[in-house]
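The values are calculated or read from the model by the stated rules, or taken from the named source; none is laboratory data. Since the structure is predicted, the reported quantities are computational estimates derived from the model, not experimental observations. Ideal geometry is used to build each Cβ from the backbone, glycine not excepted, and the neighbour counts take in all protein chains shown.
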Amino acid sequence: MSTVNPRVRAVLFDLDGTLADTAPDLVGCVQEVMRAQGRRPPPFNTLRAYVSRGVRGLISAGFGEEFIKGEEYPRVQRQCLKLYSARLAERSRLFPGMRRVLDELARRRLRWGVVTNKPEYLTRPLLKALRLEEECAVTVGGDTTAHTKPHPEPMLYAARRLTLDTANCVMLGDDPRDAQAAAAAGMASLAAGWGYFPPGEDLHAWGAADVLESPEDLLTWIDQQGAAPNIN
């Protein structure tokens, strides 16, 4: 049995590609906009790898990197965001096993929150649609603070809202920016091996404490570290 200590008292999740499988809705919107412009969109699995990079990353993967620098980009970005806002959770779901993990965190009285670069106007309605709004202890969107990941400010803000030291939090994400932001904030991080990243990406190179293969592995990792339930 692992020694009980106060190291892990809260878990912070990235949203897209870590907590929830949002690729069907996000990729579908970009593909639809491309088709409307007479373009042939890349296959779903090709674009899925770039979902964690946001709409800008998806547009770049679909239209090409040079398109981002052109005058048409702002209009296409608005079209994609407008379309996505109307169908935030038509096909988005928690990743398999994640519901059980959240229930187990609650049973252990370990709080959890979301730290994402997705803006709040999209993040909060999505969490509500997924029926997570009430149990999520803190929500940090891409516009909640002055900076986004990989800057540490979103992590520091989340820890303050939870009234915890960053050393008592762990960040779970599927992008190197999650690990970078956590490290800069003095927080441990874990890499979500089920998330969105390009083929051949070396998750072990991100500097995370461990690479998890499934959401349930989070519970095993916490057991190995030791954890203490929140008393406040």
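Per-structure values
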{"read-out": "Of the criteria (1) surrounded by 19 or more Cβ atoms within 10 Å (Cβ to Cβ); (2) hydrophobic (A, V, I, L, M, F, W, C); (3) within 17 Å of Val51 (Cβ to Cβ), which one Trp194 fails", "value": "(1)"}
{"read-out": "Which numbered condition Phe13 fails, given (1) exposed (fewer than 13 other Cβ atoms within 10 Å of the Cβ); (2) aromatic (Phe, Trp, Tyr); (3) within 19 Å of Pro176 (Cβ to Cβ)", "value": "(1)"}
{"read-out": "Which listed residue is within 26 Å of Leu81 (Cα to Cα) and at pLDDT 95 or above, from Leu122, Leu102, Leu164, Leu156", "value": "Leu122"}
{"read-out": "Residue within segment 47-61 that is small (Gly, Ala, Ser), touching a helix residue (DSSP H, G or I) at 6+ places or on another chain (Cβ under 7 Å) and either surrounded by fewer than 23 Cβ atoms within 10 Å (Cβ to Cβ) or within 20 Å of Phe95 (Cβ to Cβ) (or both) present", "value": "yes"}
{"read-out": "Options Ala146, Ala159, Ala205, Ala185: the member that is farther than 20 Å from Thr22 by Cβ and touching a Cys at 6+ places or on another chain (Cβ under 6 Å)", "value": "Ala159"}
{"read-out": "Selection status of Arg40, surrounded by fewer than 22 Cβ atoms within 10 Å (Cβ to Cβ) and modelled with pLDDT under 95", "value": "no"}
{"read-out": "Residue match in segment 116-127 (condition: of a type outside the set (Asp, Glu) and over 26 Å from Val30 (Cβ atoms))", "value": "no"}
{"read-out": "Test result for Ala36, outside the structural domain of Leu172 (by TED's automatic domain parsing) and within 23 Å of Val114 (Cβ to Cβ)", "value": "no"}
{"read-out": "Conditions (1) without any contact (Cβ under 8 Å) to a residue 60 or more places away in the chain; (2) surrounded by 15 or more Cβ atoms within 10 Å (Cβ to Cβ); (3) in a loop (DSSP other than H, G, I, E, B): number failed by Ala89", "value": "(1)"}
